[in-house]
Amino acid sequence: MAIVDYDPFRPPVLDEPSVAYAHLLAERPVHYFADFDPPFYTLSRHADVQRALRDIDTYSSEFGQGPRFTPPAGMLSNPPQHTFFRSLVQQAFSPRAIEAMRGRVEALADELLDERPAGEWDLHDAFAFPLPVIVIAEMLGIPAGDQHLFKRWSDASVAAMGAADPSAYESELTDLANYTLARIRERRATPGRGDLIDGLVQAKQDGKGLADEEILSVVNQLLVGGNETTTSLITNAVWRLLEHPALWRRLVGEPGLVDGALEESLRFDPPVLGLYRSTTRSVELHGVHISKGAKVMLHYAAANRDPEVWDDPNTFSLDRPAQRHLAFGLGVHFCLGAQLARLEAGAALRALIARCPDLRLVNSGQRIAPFFLWGRRHLPVATDS
């Protein structure tokens with residue numbers, strides 16, 4: 001489908017963002033979209049997105065990575081503040097720490113499939129959503145009885161970032177803040193629980209402990225980043241595989257292809273279509289003047305389909321040679337939870353092909369709401385067994 005006037009908020013682009021990638025890459029590598037507050041530019045070519053991700057002095061995260069300007073907070077800032085806050089939680093996401101979680105994640109995937117409804121069921125609600133939510137909640141030390149609250153709050157957090165009227169989500173965001181602040185104060189009163197919130201409460205910067213609001217910011221970033229994107233990775237991968245049943249049957253017969261299938265899903269359907277930076281100086285790129293202080297979307301998904309980098313980029317292939325995609329970003333802001341997401345999605349896909357080899361797609365369901373994120377809010381599937 002030819003796209004003449006790119007609008008990320010309207011069909012057909014909202015329904016299937018990839019219909020716009022060829023237009024952006026070939027004709028509008030620097031696109032200006034005026035119908036948002038604030039207006040923003042979009043970079044789509046792989047080389048441009050990669051360069052911007054590495055040039056944090058020009059393309060700054062200091063005012064948020066969403067489409068609106070927000071004050072520096074936690075890891076959504078530039079070094080040295082970003083470096084400090086990232087260091088506080090880095091150990092919990094180290095390769096050794098993630099590998100130690102493998103048994104728990106694999107057992108959880110099996111438990112969730114044990115509880116799935118018979119016949120037709122929603123893969124999002126019954127499986128892809130609860131798996132990463134439970135994992136990140138356990139890392140944060142959230143009681144099991146409260147974990148159901150976090151999907152609603154996480155959804156509200158990401159929806160508010162891209163909504164025309166963010167105030168519509170104010171009640172949910174206030175509830176999330178109040179709940180998290182209560183957990184922070186519990187850790188201050190009774191330290192030593194060993195979870196991520198406890199670690200943040202014990203941390204010091206220049207000899208001083210962190211304020212509650214600083215810890216709240218980091219916890220919220222971990223909560224949202226730790227579940228929404230992994231849920232979408234699982235639903236996107238299964239959706240594309242079941243759209244072409246021959247791919248699903250091949251994966252069932254060749255489980256060794258799972259890791260490659262997930263990397264191809266990350267390239268083809270990154271859960272984060274793109275994140276934003278703010279320019280610290282004016283930039284001239286492809287004949288377009290980007291002013292100082294502008295919001296710029298770095299379009300990971302379009303860059304991942306750049307024909308200058310990938311052969312046959314619009315085909316989902318289980319045989320694609322390993323090549324670094326931009327789904328997790330690049331540079332100092334490379335996704336902290338990338339390895340955890342891979343572990344969770346790998347465990348999910350392996351459990352599905354082992355336990356549900358006859359899995360089939362009922363329909364394509366419904367996409368998630370935020371325009372700069374990409375996943376299935378519902379994905380109806382069915383099994384005969």
> Under the condition of being of a type outside the set (A, V, I, L, M) and in contact (Cβ under 8 Å) with a residue 12 or more places away in the chain, which residue from the stretch 100-120 is farthest from Thr231 (Cα to Cα)?
Replying inline: Gly119
> Can Pro95 be described as open to solvent by 50 Å² or more (accessible area, probe 1.4 Å) and either in contact (Cβ under 8 Å) with a residue 24 or more places away in the chain or β-branched (Val, Ile, Thr) (or both)?
Replying inline: yes
> How many residues are in contact (Cβ under 8 Å) with a residue 40 or more places away in the chain and part of a helix (DSSP H, G or I) when one looks only at the stretch 188-211?
Replying inline: 5
> Only one of Leu359, Leu352, Leu336, Leu326 is in contact with a strand residue (DSSP E or B) (Cβ under 7 Å, 6 or more places away or on another chain), hydrophobic (A, V, I, L, M, F, W, C) and open to solvent by less than 60 Å² (accessible area, probe 1.4 Å); which?
Replying inline: Leu359
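Rundown of residues vs (1) surrounded by fewer than 20 Cβ atoms within 10 Å (Cβ to Cβ); (2) not hydrophobic (A, V, I, L, M, F, W, C), yes/no style:
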| site | (1), (2) |
| --- | --- |
| Leu223 | no, no |
| Ser232 | no, yes |
| Leu247 | yes, no |
| Ser265 | no, yes |
| Asp269 | no, yes |
| Val288 | yes, no |
| Arg305 | no, yes |
>> Residue under question is His299, and the condition is that it be without any contact (Cβ under 8 Å) to a residue 60 or more places away in the chain and either crowded, with 21+ Cβ neighbours inside 10 Å or more than 23 Å from the chain's Cα centre (by Cα) (or both); does it hold?
In response: no
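Kindly evaluate Phe84 against the criterion of being in contact with a strand residue (DSSP E or B) (Cβ under 7 Å, 6 or more places away or on another chain) and of a type in the set (A, V, I, L, M, F, W, C).
Yes: the conditions hold for Phe84.
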>> Among the residues of the stretch 366-375, are any surrounded by fewer than 19 Cβ atoms within 10 Å (Cβ to Cβ) and of a type outside the set (D, E, K, R)?
In response: yes
> Quick one: how many residues across the stretch 218-256 are over 14 Å from the mean Cα position of the chain (by Cα) and closer than 25 Å to Arg183 by Cα?
Replying inline: 2
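The values are calculated or read from the model by the stated rules, or taken from the named source; none is laboratory data. Because the structure is a prediction, the values reported are computed rather than measured. Quick reminder, even Gly has a Cβ in these numbers, built from the backbone with ideal geometry, and neighbours come from all protein chains shown. Side chains are part of the model used for accessible areas, which takes the heavy atoms of the whole protein and leaves out ligands, DNA and RNA. Shrake-Rupley method; radii C 1.70, N 1.55, O 1.52, S 1.80 Å.
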